[in-house]
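In what follows, a structure is listed as structure tokens, so that the remarks can point back to it.
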Amino acid sequence: MQNLRKKFPVLNQCVYANTASAGLLSEDLMEWRQGHDLDYLIGGSEMKMKGFAHMPEIKKTVGKFFNCKPENVALVPNFSLGFNLLLEGLPKDKKVLLVNKDYPSVNWPFETRDFKRDYVDADEHMEENINAKVKKGDVDILALSLVQWVDGVRIDFEFLKNLKKEFPDLMILADGTQYCGTELFDFKDSGIDILGTSAYKWMLAGYGNGFFLVKDQVMDQFDLKGIGNGSVDNDASKRNSITFCKFLEPGHLDSFNFGSLEFAVNFLDEIGMEDVQAQLQKLSKKAMSVFSDLDLLEPAIIKRKQHSTIFNIKGNEKLFNKLSEENVVASVRGGGIRLSFHLYNTEDEIEAIAEILRSC
């Protein structure tokens with residue numbers, strides 16, 4: 001992983017603990033993008049037509065990476081747009097279970113459409129409380145982020161899998177924006193029915209691209225309304241035979257943005273997701289130990305069995321400014337300071353942050 005750091009020049013200027021806000025652009029992806037636009041410059045529409053024709057290959061790449069059939073992959077500019085298109089086709093008589101203070105793009109689309117709702121907290125009892133509410137028998141949909149954006153609480157994946165086995169009629173919708181790109185993930189084997197993701201964070205794909213993965217068994221519960229020329233790939237004869245995922249692709253798919261996604265997936269694949277996962281587990285363990293020793297974490301975080309590499313530490317504006325002065329890039333979130341670590345971070349950087357915190 002040390003050699004990889006050279007591909008991210010920002011790391012020469014700071015301790016970058018802000019991937020939960022924006023993943024870094026690598027030199028390799030920048031060079032690919034420059035080549036793409038040079039091809040566009042000299043190739044014009046002919047180059048773009050080739051780009052449109054390449055989209056099925058990008059879906060194959062994404063599908064293989066997450067173990068999902070290519071035809072069940074939808075390419076979207078970001079999670080929020082795709083999720084809103086999805087919910088427009090969902091009957092409003094469904095009761096939805098949400099997580100309090102989850103990412104607005106998960107909760108707000110249900111709240112503004114007046115779905116019947118219930119909530120659980122993202123604490124040490126989250127899975128237990130979800131199970132209790134689902135057992136009551138009146139929950140149709142569980143919708144949540146796999147990793148919470150403010151404090152990094154991560155849902156137990158085995159719990160989701162077992163929950164789906166016990167309640168097969170429960171539809172599980174997940175936002176993987178703060179998760180995808182952090183470890184090996186098998187969509188087919190998971191308990192999740194639909195997974196949507198923006199890829200500019202942990203996938204390191206830059207802005208303007210994301211995807212949805214969909215299982216066959218839930219498609220008939222939607223009456224999707226999003227439609228456009230992109231849904232038929234510029235072939236009007238397909239108007240009456242549009243497949244599920246093409247309803248999430250009503251407009252053209254940009255070769256620059258989705259080519260960046262393909263490049264990023266291949267980049268992570270070449271590194272090896274087993275190695276990425278091992279590195280992040282090491283960083284998570286280090287950060288949990290350091291920040292808990294400094295009494296900077298909420299008790300509910302410390303009590304959970306497993307955690308991501310996103311941490312919200314106790315701190316005010318003065319502390320945030322101190323970290324900024326010391327060239328630590330972080331974010332103010334949820335009344336604290338959010339620090340997040342990816343494959344290009346090191347345990348030494350976490351220790352350096354700890355030294356700053358001890359001196360305050």
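The values are calculated or read from the model by the stated rules, or taken from the named source; none is laboratory data. In this text the structure is predicted, and so the values were computed from the model without any measurement. A quick note on method: Cβ atoms are made from the backbone with ideal geometry, for glycine too, and the neighbour counts reach across all protein chains shown. SASA here: full protein model, heavy atoms, side chains in, ligands and nucleic acids out. Shrake-Rupley method; radii C 1.70, N 1.55, O 1.52, S 1.80 Å.
Could you let me know the centre-to-centre spacing of the stretch 1-73 and the stretch 213-268, using Cα atoms, in angstrom?
19
Tell me, in nm to one decimal, what length is gained between F159 and I356 on full extension, where the rule is 0.36 nm per residue of separation less the Cα-Cα distance?
Separation in residues times 0.36 nm, less the Cα-Cα distance, equals 67.2 nm.
What is the set of long-range amide H partners of V76 at a cut-off below 5 Å, with H atoms built 1.01 Å from backbone N?
G210, F211, F212
Between K116 and D275, what is the spin-label point distance in nm, taking each point 7 Å from the Cα along the Cα→C-beta axis?
Between K116 and D275, the label points sit 5.2 nm apart.
Could you work out how far apart the two model spin labels at C14 and H252 are, taking each label as a point 7 Å from the Cα in the direction of the beta carbon, and quote it in nm?
Here the modelled spin labels are 3.5 nm apart.
Using 0.36 nm times the number of residues separating S21 and N131, minus their current alpha carbon distance, what extension gain do you get?
Extending this stretch completely gives an extra 36.5 nm.
Farthest toward the dipole's positive end in the chain, which of M49, M1, A300, given Cβ charges of +1 (Lys, Arg) and -1 (Asp, Glu) about the Cα centre?
Of M49, M1, A300, it is A300.
What helices does the chain hold that run 15 Å or longer along their axis, going by alpha-carbon atoms, with a Kyte-Doolittle average of 0.5 or more, using DSSP H for the helix calls?
255-271
If the chain between K314 and I242 were fully stretched, how many nm would it gain, using 0.36 nm times the residue separation less the Cα-Cα distance?
Full extension of this stretch gives 20.9 nm more.
Put a dot 7 Å past each Cα toward the Cβ at E46 and D348; how far apart are the dots in nm?
Result: 5.1 nm between the two label points.
Take the alpha carbon atoms of the stretch 125-142, find their center, do the same for the stretch 155-200, and report the distance between the two centers in whole angstrom.
The two parts, judged by their Cα centres, are 16 Å apart.
If Y16, Y40, Y207 are ordered by their accessible area, calculated over protein heavy atoms with a 1.4 Å probe, which sequence runs from highest to lowest?
Reading off the accessible areas and sorting them downward yields Y207, Y40, Y16.
For the chain, what is the mean residue ellipticity at 222 nm derived from helices alone (per DSSP H run of n ≥ 4: -39500 (n - 2.57); sum divided by total residues; nearest 500 deg cm²/dmol)?
-12500 deg cm²/dmol
Find the accessible area per residue for the stretch 172-322; the probe is 1.4 Å, ligands and nucleic acids are left out, and the unit is Å².
Spelled out: the 1.4 Å probe surface of the stretch 172-322, per residue, equals 43 Å².
Anything over 20 Å Cα to Cα? Flag those among K133/K201; K116/K136; K59/K188, in the order listed.
K133/K201
Compute the label zone of D223 within the stretch 92-116: residues whose backbone N is under 12 Å from the point 7 Å along Cα-to-Cβ.
Only 92-93 pass the distance filter.
For the stretch 230-317, what % of the accessible area comes from carbon and sulfur atoms, probe 1.4 Å?
Answer for the stretch 230-317 is 46 percent, counting heavy atoms of protein chains only.
Report the one residue of W202, C68, T243 whose Cα lies farthest in the direction of the positive end of the charge dipole of the chain (charges on C-beta: Lys and Arg +1, Asp and Glu -1; origin at the Cα centre).
Of the candidates, T243 comes out farthest on the positive side.
Counting only DSSP beta bridges with both residues in the chain, tell me the antiparallel percent, nearest 5.
Once the DSSP bridges in the chain are tallied, antiparallel ones form about 50 percent.
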